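The values are calculated or read from the model by the stated rules, or taken from the named source; none is laboratory data. Every value quoted in this text rests on a predicted model; they were computed, and no experiment measured them. Cβ placement follows ideal geometry from the backbone for every residue including glycine, while neighbour counts extend to all protein chains displayed. These area figures cover heavy atoms from the full protein model, side chains too; ligands, DNA and RNA do not enter into them. Shrake-Rupley method; radii C 1.70, N 1.55, O 1.52, S 1.80 Å.
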Amino acid sequence: MSILSQHVMNVSASEVSVVSAKALELERQGRDVIRLSAGEPDFPTPDHIKMACIKALCDNKTKYPPAIGVPELREAISMKLARDNGLDYPAGRTIVCSGCKQVLYNAMTATINPGDEVMLVAPYWMTYAGIVQLSRGIPVIIPTTQESGFKPTAEALEAAITPRTKWLFLNSPGNPSGAVYSAGELSALAEVLRRHPQVWIVSDDVYEYIVYDGIKFVSILNVAPDLKDRCLVVNGLSKAYCMTGWRLGYGAGPDELIKAMFKIQSQSTSGATHFCQWAGVAALTGGHSFIAGHNAEYEDRRNLVVEMANKIPGLGCAPPQGAFYSLISCGPYVGKKSPAGDLIATDEALVGYLLEQAGVAVIPGTPFGMAPYLRVSFATAKPKIKKAFERMGEALAQLR
Ligand SMILES: Cc1ncc(COP(=O)(O)O)c(C=O)c1O
């Protein structure tokens, strides 16, 4: 009999890690692999943030931090939420965690009873489903379509709600779709949520600064401030500040929830790495002008991805409005056979084929709850993107 618990056996490892491990294995064998798989900026962390960390180390900020976060960072978060989002959260309603993942994990562990339901909008970040399952909850999927910009209608939201529903996860700009919700779309969802007071909302805003075409990020709390006492704002430094490896995220929400999340954190990690938190202070309080430069580059790359994907027969891609991912439909290739005679039965098989045949790593849509699709990350330099699409085009042309 296995030592593992049943519910852990039911959860899969993140597909991004699985594809990355396969890509690494091929690289070890000497293959040239282009990775369009990771959700990680290729820009370095800005210098002023790194210097703040070095100073913190020299100042011996190397002991255990307060488990809920250093007061200066919690103050900076409170200031940032007021400055950028018009949201009023005193520092005492915030918690610093080791990345957004831990914010979400704390929140779900704190609130889910076995069998409680959590609504995820498909396509959803696969980690949402993993965290809900690890917390013994049940992910309930709200379907969307490419035509609706991968955003749910009010009717689809209403239909997914049951007496067991505890949370709705909202993520705008979204991973993997790049969809950005407008004020009107959020108002329509808020209208439904008002009728169901048992449903809480996670607003995962981690890509808030990475938007294109002049679009502005709006939080559901900007259009429905009355939902604030059942909303957890989740954000982090991984994406806009290019700080994936620093593991810094934060939550802001009602007192009872933040206290429960603190309890879990104090009994698990004891908080985010102490000296990294001082880098977080520099990031939130320092200059943000570098973000516009990054966004201009991402937007160029996005345009390249959309142009190159749509040139390949059978692939279809609308320009994402935010984040750094494109979701590309690949339906016509599913059901075909590779030159070796293997059936490409799913988008997962297609991803395996593209990795082997073209040496290009992308993520299938299936684990995001939307198939058959390919998720391409364009947090990679343009020459690599161009080469990757040329190679994918050649490999796809060989399927019969
Ligand atoms: C939707 C979403 N939320 C949050 C995160 C960031 O997680 P973390 O702060 O743990 O790096 C990611 C990273 O991929 C993401 O795609």
Exercise. May I ask you to list pairs of residues, at least six apart or on different chains, whose Cβ atoms are under 8 Å apart, with the first in the stretch 70-99 being farther than 18 Å from residue 257 by Cα and open to solvent by 60 Å² or more (accessible area, probe 1.4 Å) and the second being β-branched (Val, Ile, Thr) and modelled with pLDDT of 95 or more?
Key: 72/281; 79/285
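Quick check on this structure: which one of 68, 77 is among the β-branched types (Val, Ile, Thr), closer than 30 Å to residue 130 by Cα and away from the ligand (no atom under 16 Å from the Cβ)?
Working: 77 fails: away from the ligand (no atom under 16 Å from the Cβ).
Every option except 68 fails the conditions.
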Quiz prompt | Members of the stretch 320-347 that are in a strand (DSSP E or B), farther than 18 Å from residue 370 by Cα and under 28 Å from the mean Cα position of the chain (by Cα) | solution = 322
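Consider the stretch 133-154. How many of its residues are open to solvent by 40 Å² or more (accessible area, probe 1.4 Å) and assigned to a helix (DSSP H, G or I)?
Applying the first criterion (open to solvent by 40 Å² or more (accessible area, probe 1.4 Å)) to the stretch 133-154 yields 133-134, 136, 138, 141, 143, 145-148, 153.
Filter once more, keeping what is assigned to a helix (DSSP H, G or I): 133-134.
Result for the stretch 133-154: 2.
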Exercise. Report whether or not residue 206 is open to solvent by less than 10 Å² (accessible area, probe 1.4 Å), closer than 22 Å to residue 221 by Cα and not basic (Lys, Arg).
Key: no
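If you take the residues of the stretch 4-39 that are touching a Phe, Trp or Tyr at 6+ places or on another chain (Cβ under 9 Å) and modelled with pLDDT of 85 or more, which of them is surrounded by the most Cβ atoms within 10 Å (Cβ to Cβ)?
Going through the stretch 4-39, the residues touching a Phe, Trp or Tyr at 6+ places or on another chain (Cβ under 9 Å) turn out to be 15, 36, 39.
If we keep only those that are modelled with pLDDT of 85 or more too, we end up with 36, 39.
Details: 36: 24, 39: 20.
Out of the qualifying residues, it is 36.
Regarding residue 225, is this residue away from the ligand (no atom under 16 Å from the Cβ), open to solvent by 10 Å² or more (accessible area, probe 1.4 Å), at negative phi and out of contact with any Pro (no Cβ under 9 Å at 6 or more places or on another chain)? Spell out the reasoning first.
Working: away from the ligand (no atom under 16 Å from the Cβ): yes; open to solvent by 10 Å² or more (accessible area, probe 1.4 Å): yes; at negative phi: yes; out of contact with any Pro (no Cβ under 9 Å at 6 or more places or on another chain): yes.
When the stated conditions are applied, residue 225 passes them.
What number of residues within the stretch 343-400 are among the acidic types (Asp, Glu) and open to solvent by less than 40 Å² (accessible area, probe 1.4 Å)?
Quick first cut of the stretch 343-400, residues among the acidic types (Asp, Glu) only: 347-348, 356, 390, 394.
When the remaining residues are screened for being open to solvent by less than 40 Å² (accessible area, probe 1.4 Å), the result is 347.
Selection size over the stretch 343-400: 1.
Looking at 137, 92, 130, 86 in this structure, which one is more than 17 Å from residue 253 (Cβ to Cβ) and more than 16 Å from the ligand (Cβ to nearest atom)?
Working: 92 fails: more than 17 Å from residue 253 (Cβ to Cβ); 130 fails: more than 16 Å from the ligand (Cβ to nearest atom); 86 fails: more than 17 Å from residue 253 (Cβ to Cβ).
The conditions single out 137.
Residues in the stretch 141-160: is at least one on the phi < 0 side of the Ramachandran plot and within 14 Å of the ligand (Cβ to nearest atom)?
no
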Self-check item: helices (runs of 4 or more DSSP H) lying entirely in the stretch 3-100 (those with 2 or more residues that are more than 28 Å from residue 376 (Cα to Cα))
Solution: 6-9, 47-58, 71-85
Quiz item: Out of all the residues in the stretch 14-30, which are polar (S, T, N, Q) and within 17 Å of the chain's Cα centre (by Cα)?
Solution: 14, 17, 20
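Identify, please: which residue in the stretch 229-250 is in a helix (DSSP H, G or I) and within 19 Å of residue 100 (Cα to Cα) and is, among those, farthest from the ligand (Cβ to nearest atom)?
So the first thing to find is which residues in the stretch 229-250 are in a helix (DSSP H, G or I), and the list is 229-230, 244-246.
Okay, now just the ones that are also within 19 Å of residue 100 (Cα to Cα), so 230, 244-246.
Working: 230: 20, 244: 6, 245: 9, 246: 9 Å.
If we take residues in the stretch 229-250 being in a helix (DSSP H, G or I) and within 19 Å of residue 100 (Cα to Cα), then 230 is farthest from the ligand (Cβ to nearest atom).
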Quiz prompt | In the stretch 243-272, residue farthest from residue 42 (Cα to Cα) [restricted to those that are buried (at least 18 other Cβ atoms within 10 Å of the Cβ) and among the hydroxyl-bearing types (Ser, Thr, Tyr)] | solution = 250
Practice problem: Mind listing whichever residues of the stretch 231-264 are within 21 Å of the chain's Cα centre (by Cα) and under 30 Å from residue 196 (Cβ atoms)? | Solution: 231, 232, 233, 234, 235, 236, 249, 250, 251, 252, 253, 261
